[in-house]
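*Asks:* If you scroll down you'll find the structure; I have some questions about it.
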């Protein structure tokens, strides 16, 4: 049994298109809302959280719907194809209304765009487990994440080239209020369309499903032919989803507040925070594939626990650094490795517990808990900083992250299902072989 690397990479093109868009969304849209259309910070944050709110019900819904879809294109491909086309069309329309500085038009088109993106996110992520044997899904997920990050990097490069802005006295990259990002929108839209077409034209879903014929070999997953979990498996599923919620509470709490932490605690301009985050992203990219291979040797649960432990130790150490230090670059690089260990293995653990007919639904569950955390943690951490512990201020950020990270470690310890069996030594030679 070996992973088809070529096919997995091509399937990853759908995820690459998705991450290309979300990088644009996270970096450019809040700037346009706040500076061009003059929404205040609260209004901007509310608008930016709408995608997470939509995800709470749309990702499980379309994951479940795609599970039951049967077409000549397959069950996931139609959603990826038409969802991407709708998203690209909406993104092009967004470029037009942004260029014309239409405030109401921008909001209306943005809402349409977010709905379109929500229709195919779960089907795109569920595609890889559909066509990959269960023991190989951590390696497959590592490849998917690696390919996906290329999309985010592409958008970042496009932003630097086509919307260079200027550098202020503090070294921050800034834009004028009348800066247009229309060209960036159009280039990213074209990239998304090309990435999707490459996947659709080169990977034939129904043909692959017929060839692989993956069997669900865990009788505890179903009862009397129905996709109902046995009690022990259901408990494990709940525990790992709670763990997902906790570690996203921790991680997203840091990422959303860290630029302000740099300014308030270290007294350095917020622009420097991007350097630490970039280091974490680079470390994660480098670690994805090796961690996927390692998880097949030691198991997914141990790999996830290892990642959580790394991040908890790093958050604890960061609390004691009270001024700008090169040590923070080391800490964030280790955080990136820990985060990669979690991401590579946690999603495969969730879909390991379901049958092939429910992969989309369980993919939706996974994202529901991660998105819920990303809605809650910015609000909760802000209340703690401003109202509950004002004497600590932003210094409470890393203890906050430690608490939720440690909580995820505890809940993961009680997960008893969803792990993979370590590979036999004979399979080592197959790690980099592609079954073409």
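*Asks:* Kindly provide the set of residues from region 41-97 that are in a helix (DSSP H, G or I), without any contact (Cβ under 8 Å) to a residue 60 or more places away in the chain and closer than 20 Å to residue 202 by Cβ, ordered by number.
*Replies:* 78, 79, 82, 83
*Asks:* Oh, and also: Among the residues of region 322-338, what is the count of those that are assigned to a helix (DSSP H, G or I) and either without any contact (Cβ under 8 Å) to a residue 24 or more places away in the chain or not assigned by TED's automatic domain parsing to the domain that holds residue 290 (or both)?
*Replies:* 3
*Asks:* Next question, about the same structure. Residues 317, 307, 364: which one is touching a helix residue (DSSP H, G or I) at 6+ places or on another chain (Cβ under 8 Å), under 18 Å from residue 245 (Cβ atoms) and either without any contact (Cβ under 8 Å) to a residue 60 or more places away in the chain or not in a helix (DSSP H, G or I) (or both)?
*Replies:* Details: 317 fails: under 18 Å from residue 245 (Cβ atoms); 364 fails: either without any contact (Cβ under 8 Å) to a residue 60 or more places away in the chain or not in a helix (DSSP H, G or I) (or both).
Unique residue meeting the criteria: 307.
*Asks:* When both residues are 6+ apart or on different chains and their Cβ atoms are under 9 Å apart, which pairs have a first residue that lies in region 407-432 and is over 13 Å from residue 139 (Cα atoms), and a second that is modelled with pLDDT under 50 and assigned to a loop (DSSP other than H, G, I, E, B)?
*Replies:* Going by the 9 Å Cβ cut-off, the qualifying pairs are 417/218.
*Asks:* Given the criteria surrounded by fewer than 19 Cβ atoms within 10 Å (Cβ to Cβ) and at pLDDT 90 or above, does residue 5 qualify?
*Replies:* On the way: surrounded by fewer than 19 Cβ atoms within 10 Å (Cβ to Cβ): yes; at pLDDT 90 or above: yes.
So residue 5 fits the description; yes.
*Asks:* On to the next question. Take the residues of region 52-82 that are within 18 Å of residue 21 (Cα to Cα) and buried (at least 23 other Cβ atoms within 10 Å of the Cβ): which is farthest from the chain's Cα centre (by Cα)?
*Replies:* Looking at residues that are within 18 Å of residue 21 (Cα to Cα) and buried (at least 23 other Cβ atoms within 10 Å of the Cβ), I get 79.
*Asks:* Out of (1) at pLDDT 90 or above; (2) surrounded by fewer than 18 Cβ atoms within 10 Å (Cβ to Cβ); (3) not in a loop (DSSP other than H, G, I, E, B), what's the single condition that is false for residue 161?
*Replies:* Among (1) at pLDDT 90 or above; (2) surrounded by fewer than 18 Cβ atoms within 10 Å (Cβ to Cβ); (3) not in a loop (DSSP other than H, G, I, E, B), residue 161 violates only (1).
*Asks:* Sticking with this one: If a residue must be crowded, with 23+ Cβ neighbours inside 10 Å and under 24 Å from residue 16 (Cα atoms), how many such residues does region 92-109 contain?
*Replies:* Matching residues across region 92-109 total 1.
The values are calculated or read from the model by the stated rules, or taken from the named source; none is laboratory data. All of these numbers come straight from a predicted model, not from anything done at the bench. Here Cβ is always computed from backbone atoms with ideal geometry, including for glycine, and neighbour counts include all displayed protein chains.
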